[in-house]
1. Quick test of your reading of the structure: GLY162 fulfils all but one of (1) touching a Lys or Arg at 6+ places or on another chain (Cβ under 9 Å); (2) within 16 Å of GLU320 (Cβ to Cβ). Name the failing condition by number.
2. Name the residue, out of LYS283, LYS258, that is touching a helix residue (DSSP H, G or I) at 6+ places or on another chain (Cβ under 6 Å) and either surrounded by fewer than 24 Cβ atoms within 10 Å (Cβ to Cβ) or at pLDDT 95 or above (or both).
3. If I go through region 343-379 residue by residue, how many of them are within 15 Å of THR35 (Cβ to Cβ) and among the polar types (S, T, N, Q)?
4. Looking at (1) in a helix (DSSP H, G or I); (2) buried (at least 24 other Cβ atoms within 10 Å of the Cβ), find the lone condition where ARG307 falls short.
5. Restricting the search to region 154-175, which residues are of a type outside the set (A, V, I, L, M, F, W, C) and closer than 21 Å to SER306 by Cβ?
6. Is there a residue being under 24 Å from the mean Cα position of the chain (by Cα), crowded, with 18+ Cβ neighbours inside 10 Å and farther than 30 Å from VAL208 by Cβ anywhere in region 11-19?
7. Step by step: first the residues of region 190-248, then only those that are exposed (fewer than 13 other Cβ atoms within 10 Å of the Cβ) and in a loop (DSSP other than H, G, I, E, B), then the one that is modelled with the highest pLDDT. Which residue is that?
8. Residue pairs, Cβ under 9 Å, 6 or more apart or interchain, first in region 360-379 and under 20 Å from ALA323 (Cα atoms) and touching a residue at least 12 places away in the same chain (Cβ under 8 Å), second of a type outside the set (Asp, Glu) and not in a helix (DSSP H, G or I). List them.
Amino acid sequence: MGFFNEAKSLFKVNIRDYGMYIALIVIMLTFSIMTNGLFMSSRNISNLLDSAGYIAVLAVGMTLVIVIRHIDLSVGFAAGFLGAITAILLAQVGLPIYLTIPIILVLGVVVGLFNGVLVASIGIPSFVATLAGMLIYRGALLQVTEKTGTIIINDDNFNAIGNGFIPSILQINGLHLLSLLVGLVGILLYIYSEISTRKSKLKYQFEVVSKEIFIMKLVMVSAIIAYITWILAGYNGFSWTVVIMLLVVVVYHFLTTKTVLGRHIYAVGSNPEAAHLSGINVKKITYIVFGSMGMLAALSGMLFTSRLQSATTTAGTLFELDAIAAAYVGGVSSAGGVGKVTGAIIGAIVMASLSSGMNLLGVGISYQYMIRGGVLAGAVIFDVMTRKQRG
């Protein structure tokens, strides 16, 4: 009985973290049953993850912005605008891809730092500062795409980022070998990271879960990673979009959980005044978070542009709202100081799964918006209720 009691109390304490995983599993099972298994087909899961890619990348940055109690409304059109600049550099200026990508990422950091200066140094509320940015980038996007309307990109290497897959090396029973190896490495990294975190917690005498629960968690998560890898390996393997998304998660997860910078970001989010008094440079942290948000907006813009193989005048529309929705569904708290990068990705996949499942079932677009709005409202209500219980 002790095992079940511990599992129950652990679930209660960490309901914010586990809630979204359960929601995702329920959504996937429901749509699988309703579409007679079509939802979980290799092709659909591959398309679903690709369509979630550019929003997931934005959601990672947005999570950190919300953690430090700010918001960034400019990221959608910033992504659209930087995507258009990418298209101009590749298609009209003729720059090679290996120069274009770093230039756009640096431009993204500059865009983010501009917001950071307005918020941290001048003291404009982030909502207003980034709303101004949103209008500016929307105008800039229209300006650069006005003459041609759509800028077509013929660079195969660049277009492969949004549409291509990693090479298979070898096929085993129709499964991509390299994708299976990537999945295996992912499982091993996950297990190593969890065990090392547990060891360091025990070393400093922090509370940890019992061995049985810990092993059960490792087995369950590894099984999920293995299953998704197996599904994708049966189609075309991992797409470059998914690889980029995973790299972003790994890097940001490491930064937020294992570095001093990560601890400072959460300290500023939990209590900016206390963080300032304890010697943390709150302005600098705000610059870093907005700068990283700008860089991820640039990456998102490139992923989207590459997926369409062109830049359009409407690129970036509502991206910021999708990213904010993904961050909140992923468990970030509106009060600041709480939220995980991994949660943001799950949030983005939840929202993409809803869209994909409803499209397969032929649900009208009007109902789709209402249902997604309901899910977002539900996630925030869940956040408020769990905070009240804790408080």
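1. So GLY162 meets the others, but not (2).
2. LYS283
3. Total meeting the criteria: 4.
4. (2)
5. Across region 154-175, the qualifying residues are ASN154, ASP155, ASP156, ASN157, ASN159, GLY162, ASN163, GLY164, PRO167, SER168.
6. No; the residues of region 11-19 include none that is under 24 Å from the mean Cα position of the chain (by Cα), crowded, with 18+ Cβ neighbours inside 10 Å and farther than 30 Å from VAL208 by Cβ.
7. Applying the filter and picking the extreme gives TYR204.
8. ILE371/VAL363; ALA379/GLY330; ALA379/GLY331
The values are calculated or read from the model by the stated rules, or taken from the named source; none is laboratory data. All values reported here derive from a predicted model rather than from experimental measurement. Reconstructed Cβ throughout: ideal geometry from the backbone, glycine too, with neighbour counts over all protein chains shown.
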